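Asker: Would you mind keeping the following structure in view while I ask a few things?
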Amino acid sequence: MPGKGTWTIERHFMLQEKSHPEAKGEFTQLLMDIALAGKIISREVNKAGLVEILGLTGEINIQGEQVQKLDDFANKTLISILDRSGRVCMLGTEENTEAIKILPPYTSGHYAVSMDPLDGSSNIDVNVSVGTIFSIHRKVSKGPRGEEADLLQTGRKQLAAGYIIYGSSTMMVYTTGNGVHGFTLDPSVGEFLLSHPDIRIPKRGNTYSVNEGNYLFWSEGTKRYIKYLKEMDNQSGRPYTSRYIGSLVSDFHRNLLHGGIFLYPSDQKDHKRPHGKLRLLYEAAPMAYIVDRAGGYASDGKKNILDLEPKELHQRTPLIVGSYEDVKEYEEFIAEYDKEKK
Ligand code: AHG
Ligand code: MN
Ligand code: MN
């Protein structure tokens with residue numbers, strides 16, 4: 001492998017392609033399309049304070065959330081790059097209520113892409129890092145064009161998953177199943193260069209990330225687990241440190257590199273979130289695939305996120321993700337204290 005300074009993400013994609021004999025250039029080109037969108041969004045995020053791109057559009061999205069201008073920009077950038085690429089048959093995005101079917105005059109391709117164009121958008125105008133999350137499945141429907149079924153596949157069937165984090169530097173982290181690899185954008189040459197080859201998450205961490213403001217709405221198992229992390233026990237490295245940025249990509253990325261556990265459990269807040277806040281297709285499943293490939297684990301509290309069957313595009317799920325032993329320990333608390341009411 002040539003020096004890190006010249007190992008671009010494109011060369012890495014092509015290397016990965018060799019281990020997927022069925023993949024043709026189309027798959028690599030699709031990953032390159034997403035990297036291009038990341039560069040364009042990074043440029044806007046990094047000058048957000050200077051141009052009229054901050055603030056709200058005045059619209060409310062399907063999630064019932066205020067749409068930030070940067071959400072809209074990121075969404076439009078990704079859609080306009082992907083919908084005419086000829087590589088995609090269906091697009092599912094957090095910002096659009098309905099799935100996007102690629103129709104004439106555009107050519108329909110072999111892949112279905114689910115995406116969160118801008119994750120952590122409540123942090124945009126306070127200059128806290130945000131990100132883009134993507135998940136790629138192979139087209140499974142028989143017709144010449146895509147169907148929603150192409151998007152509604154389990155996380156285990158993903159061909160690739162990744163994110164771009166717009167932080168102190170812009171990084172793209174992805175997996176196609178052979179390890180997890182991180183690339184840092186060098187804006188002076190406009191290339192993502194290899195900076196974190198073969199990322200492995202520590203089996204156990206000593207950091208936990210959760211919005212403690214939801215404490216009152218947690219289940220008994222979640223309450224006991226978080227209390228357990230705060231007790232003194234040098235043997236197991238407790239009490240853990242609390243780190244919560246409120247941007248999944250940022251909290252996930254830190255824990256991926258240093259170890260730790262991120263939790264967005266089901267909460268009964270305003271009784272509207274029995275299944276938690278995060279979305280399965282374009283937040284939980286891609287993060288679950290990445291962490292799995294890096295030696296970690298992702299659960300809804302009872303089962304592996306990768307085995308959840310999506311029924312609809314914006315389906316929510318509790319997400320507990322990070323170091324393998326920490327997430328398994330959480331599942332033990334849920335099994336012990338949240339026994340299904342018979
Ligand atoms: P998005 O900006 O795409 O809607 O995602 C925000 C998510 C996720 O990034 C983060 O982990 C979580 O919302 C934070 O939620 P709370 O503010 O309720 O803690
Ligand atoms: Mn999000
Ligand atoms: Mn978002």
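Asker: For region 86-98, which residues satisfy the criterion of being more than 16 Å from ligand 1 (Cβ to nearest atom) and over 13 Å from ARG145 (Cα atoms)?
Answerer: GLU98
Asker: When only residues in region 119-153 that are surrounded by fewer than 17 Cβ atoms within 10 Å (Cβ to Cβ) and among the small types (Gly, Ala, Ser) count, which is farthest from ligand 1 (Cβ to nearest atom)?
Answerer: Among residues in region 119-153 that are surrounded by fewer than 17 Cβ atoms within 10 Å (Cβ to Cβ) and among the small types (Gly, Ala, Ser), the one farthest from ligand 1 (Cβ to nearest atom) is GLY143.
Yes/no per residue for (1) within 16 Å of ligand 3 (Cβ to nearest atom); (2) outside any helix (DSSP H, G or I); (3) β-branched (Val, Ile, Thr); (4) at pLDDT below 95:
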site	(1), (2), (3), (4)
ILE245	yes, yes, yes, no
ASN255	no, no, no, no
ASP267	no, yes, no, yes
PRO286	yes, no, no, no
GLY295	no, yes, no, no
LEU306	no, no, no, no
LYS328	no, no, no, no
GLU331	no, no, no, no
GLU336	no, no, no, no
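Asker: Would you point out which residue out of LYS302, LYS277 is within 16 Å of ligand 3 (Cβ to nearest atom), closer than 24 Å to ARG224 by Cβ and touching a residue at least 24 places away in the same chain (Cβ under 8 Å)?
Answerer: Unique residue meeting the criteria: LYS277.
Asker: Which of the strands (runs of 3 or more DSSP E) found entirely inside region 168-243 contain at least 3 residues meeting this: under 25 Å from ASP338 (Cβ atoms)?
Answerer: Those strands (runs of 3 or more DSSP E) span 207-209.
Asker: ASP116 - would you say it is closer than 17 Å to ASP33 by Cβ and within 16 Å of ligand 1 (Cβ to nearest atom)? If you could, list the steps in order and put the result at the bottom.
Answerer: Numbers: closer than 17 Å to ASP33 by Cβ: yes; within 16 Å of ligand 1 (Cβ to nearest atom): yes.
In short, yes.
Asker: Which one is modelled with the highest pLDDT among residues in region 273-284 that are in a loop (DSSP other than H, G, I, E, B) and more than 8 Å from ligand 1 (Cβ to nearest atom)?
Answerer: So the residue we want is GLY276.
Asker: Using beta carbons and a limit of 7 Å, which pairs, at least six apart or on different chains, have the first residue in region 193-222 and touching a residue at least 24 places away in the same chain (Cβ under 8 Å) and among the aromatic types (Phe, Trp, Tyr) and the second one outside any loop (DSSP other than H, G, I, E, B) and surrounded by fewer than 18 Cβ atoms within 10 Å (Cβ to Cβ)?
Answerer: Filtered contacts from region 193-222: TYR208/SER242; PHE217/LYS269.
Asker: Among the listed residues THR241, THR317, identify the single one that is surrounded by fewer than 21 Cβ atoms within 10 Å (Cβ to Cβ), touching a residue at least 24 places away in the same chain (Cβ under 8 Å) and of a type in the set (Val, Ile, Thr).
Answerer: Values: THR317 fails: surrounded by fewer than 21 Cβ atoms within 10 Å (Cβ to Cβ).
Among THR241, THR317, only THR241 is surrounded by fewer than 21 Cβ atoms within 10 Å (Cβ to Cβ), touching a residue at least 24 places away in the same chain (Cβ under 8 Å) and of a type in the set (Val, Ile, Thr).
Asker: Restricting the search to region 137-177, which residues are under 27 Å from THR107 (Cα atoms) and among the aromatic types (Phe, Trp, Tyr)?
Answerer: If the condition is that a residue be under 27 Å from THR107 (Cα atoms) and among the aromatic types (Phe, Trp, Tyr), then TYR163, TYR174 are the ones that fit.
Asker: Still on this structure, I have one more. Determine whether region 101-109 contains at least one residue that is under 30 Å from SER250 (Cβ atoms) and buried (at least 19 other Cβ atoms within 10 Å of the Cβ).
Answerer: For region 101-109, residues under 30 Å from SER250 (Cβ atoms) and buried (at least 19 other Cβ atoms within 10 Å of the Cβ): absent.
Asker: Give all pairs with beta carbons closer than 7 Å in which a residue from region 106-130 that is free of Cβ contacts under 8 Å to residues at least 24 places away in the same chain and outside any loop (DSSP other than H, G, I, E, B) meets a residue that is more than 9 Å from ligand 1 (Cβ to nearest atom) and not charged (D, E, K, R); count only pairs at least 6 apart in sequence or on separate chains.
Answerer: Nothing qualifies.
Asker: Could you tell me whether any residue of region 155-167 is at pLDDT below 95, within 16 Å of ligand 1 (Cβ to nearest atom) and either over 28 Å from LEU103 (Cβ atoms) or in contact with a Cys (Cβ under 9 Å, 6 or more places away or on another chain) (or both)?
Answerer: Checking region 155-167: at least one residue is at pLDDT below 95, within 16 Å of ligand 1 (Cβ to nearest atom) and either over 28 Å from LEU103 (Cβ atoms) or in contact with a Cys (Cβ under 9 Å, 6 or more places away or on another chain) (or both).
The values are calculated or read from the model by the stated rules, or taken from the named source; none is laboratory data. Everything quoted here is computed from the prediction, not taken from an experiment. Note that we place each Cβ from the backbone using ideal geometry, even for glycine, and neighbour counts take in every protein chain shown.
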